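Quick notes on the structure that follows.
The values are calculated or read from the model by the stated rules, or taken from the named source; none is laboratory data. Computed from a predicted structure; not experimentally measured. All Cβ positions, glycine included, derive from the backbone under ideal geometry; neighbour counts span all protein chains shown.
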Amino acid sequence: MKMKSKLVKVIPFVILASPLFAMADITTTWFVNSLSNIFTFLTALIPFIIALTVIVFLWGVLKFVTAAGDEEKRKEGKGFMIWGLIGVVVMITFWGIVNLIISWTGLAETNLPASIPNLPTYINTQETQE
């Protein structure tokens, strides 16, 4: 009885969604281009994140240096420095892995802009008749 009630709830959604699945045009080219777009986004985002982790490290250095006598603030500064260094190492490693995947799979070449087609030029030439 419970299975029947679940089917009654699911069937309308399947019927409504079936045209979407039938008209879906997912090809390998679309999939490769999507992966390429994701990796392109990651390669653009990673330097920004590396810069943020360097800022965290420098913030920790500043806190460590300015808290000359306060051991609690020095400990907090050390924590920022350690997490900043860990973040830099992890992000540089991740950036290397992403670039290796891009070079091994050839995804870097998939988003090259198409060449500009040569359009015929129509010049009004008048043939001279002799």
>> Looking only at the stretch 41-65, filter to residues that are more than 11 Å from PHE80 (Cβ to Cβ) and of a type outside the set (A, V, I, L, M); which one of those is surrounded by the most Cβ atoms within 10 Å (Cβ to Cβ)?
In response: THR43
> Which one of these does ALA68 not meet: (1) surrounded by fewer than 10 Cβ atoms within 10 Å (Cβ to Cβ); (2) of a type in the set (A, V, I, L, M, F, W, C); (3) modelled with pLDDT under 75?
Replying inline: (3)
